[in-house]
Amino acid sequence: MIVLGIESSCDETAAAIVNDKREILGESLLSQEEHKTFGGVVPEIAARAHLEHIDEIIELCVKRAGIKLEDIDAIAASSGPGLIGGVVVGVMAGKALALALNKPFVAVNHLEGHALAARLTSDVKYPYLLLLVSGGHCQILVVKDVGEYERLGTTIDDAAGEAFDKVAKMLGLGYPGGPMIEKMAAVGNPDRFVLPRPLIGSGDCNLSFSGLKTAVRKIIESYSEDGNIEHAIMRKREAADICAAFQVAATDCLTRKLAKAITYFKQNYPEGKDLVVSGGVAANTFLRGKLKELADKNGLEFSAPPVRFCTDNGVMIAWAGLERFAKGYTNDLDFKPRPRWPLDSNAPKAAGAGGVKA
């Protein structure tokens, strides 16, 4: 079984081809550089860039796979959530190929791509506990099967990756901010500045990063004579210490809430053996280390996709598409792209509701 996956939900135009032997036959990816000037993704620019490059990205992927389009068994596309202009480009490209080749079309929830990515590269079995942390999403879920999720917690405001990017922007470190903060934090003193751990004492598994981000802003503003963050002047040492303190605080928030989730998971899913992290923030090695310690402490196996598969890519969409297709889940060509699509509502739909079980 061979599936082509297309990803265009944000600022990565990507395609990949995988098979049911967990082999990546071919992949191609283009990261849009246009957004760095603006310190974040501009939706209109992203959509135009996807439209300009999607055909060549798919063509290059197929060429690298060394197969013909006719050899592909199904076409999968990231169909939401995401920036709707980009999502539409990828979905329409996938539908066009499916129609032209007379192949099934599989609409993939972008978050499910992240959620299942570790199953491609590691021996992760259902059910497992998942921390999904990216620029737009932050959730703790039990992954019971393809399309079957129980959400235990989510952010009530900013996502973790969003907070990383905004802190980096305040410090003038550029975009994307996560890698720059991790680099600076490696030489910083995390104990120099005291930062809050929002919601840390709540009894649930929900998260909050807005207050943490605001606390960082106030520290930066203190280095300005007039309280204007744009006039703040600090040495590289201060910036590194802020990065280190922020990274530790954000990781502490995640691991403490995940510890609560582990207790629930072990009680209600005793057959589950794995703790998985995925999403762009999962590339952070400091966070990975702390999660590995948490998993070991609780007798769970820790897994994460390779760093290059943590950020948006076509491989995760192709693999999620293959898992759905293997279950017989395909979609009609009138499937509508979704700017919002909660992962825990991703169960296969009845015919006429956007999906059909073949």
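The values are calculated or read from the model by the stated rules, or taken from the named source; none is laboratory data. Quick caveat: nothing in here was measured; it's all calculated off a predicted structure. Backbone-built Cβ (ideal geometry, glycine too); neighbour counts: all protein chains shown. Heads up: the accessible areas ignore ligands, DNA and RNA and are worked out on the full protein's heavy atoms, side chains in. Shrake-Rupley method; radii C 1.70, N 1.55, O 1.52, S 1.80 Å.
Calculated accessible area for the chain comes out at 43 Å² per residue, all protein chains present (probe 1.4 Å; ligands, DNA, RNA ignored).
Labels on offer are (1) 0.99; (2) 1.06; (3) 0.95, and the one holding Rg/Rh (Cα atoms, Kirkwood Rh) computed from this structure is (1). With all protein chains present, how much of the accessible area of the stretch 33-123 (probe radius 1.4 Å) comes from carbon and sulfur, to the nearest whole percent? Answer for the stretch 33-123: carbon and sulfur cover 55 percent of the accessible area. For the stretch 178-324, with all protein chains in place and a probe radius of 1.4 Å, 52% of the accessible heavy-atom surface sits on carbon or sulfur.
Counting Lys and Arg as +1 and Asp and Glu as -1 over every other residue whose Cβ lies under 15 Å from the Cβ of G188, the net charge comes to +1.
Here's the picture: a label point sits 7 Å out from the Cα of A326 along the beta-carbon direction, and within the stretch 120-160 the residues with their amide nitrogen under 20 Å of it are 120-130, 142-150. Maximal additional length on extending the N102-Q267 stretch stands at 54.8 nm, based on 0.36 nm per residue less the C-alpha distance. A full extension of the chain between A186 and D123 corresponds to an added length of 19.6 nm, given 0.36 nm per residue minus the alpha carbon distance.
Modelled label positions at D55 and K336, each set 7 Å beyond Cα in the direction of Cβ, lie 2.9 nm from each other.
Cross-link pairs exceeding 26 Å in C-alpha to C-alpha distance, out of K21/K336; K144/K292; K36/K68; K63/K125; K68/K144, comprise K21/K336; K36/K68; K63/K125; K68/K144.
With a cut-off of 10 Å between beta carbons, the residues surrounding E150 carry a summed charge of 0, where Lys and Arg count +1 and Asp and Glu -1. GNM on the chain, alpha-carbon springs under 10 angstrom: the most fluctuating residue among T37, T311, T154 is T37.
Please sort through the DSSP H helices of the chain and keep those with an alpha-carbon extent of at least 30 Å along the long axis and a Kyte-Doolittle average not below 0.0.
43-65
Between E70 and E293, full extension at 0.36 nm per residue minus the direct alpha carbon distance yields a gain of 75.7 nm.
With a 10 Å radius around each residue's Cβ, average the other Cβ atoms per peptide and rank 58-65, 136-143, highest first.
Result, highest mean Cβ count within 10 Å first: 136-143, 58-65.
Taking the dipole about the Cα centre of the stretch 269-352, with the C-beta of Lys and Arg at +1 and of Asp and Glu at -1, give me whichever of A295, S278, Y329 is farthest to the positive side. Checked the options; the winner is S278.
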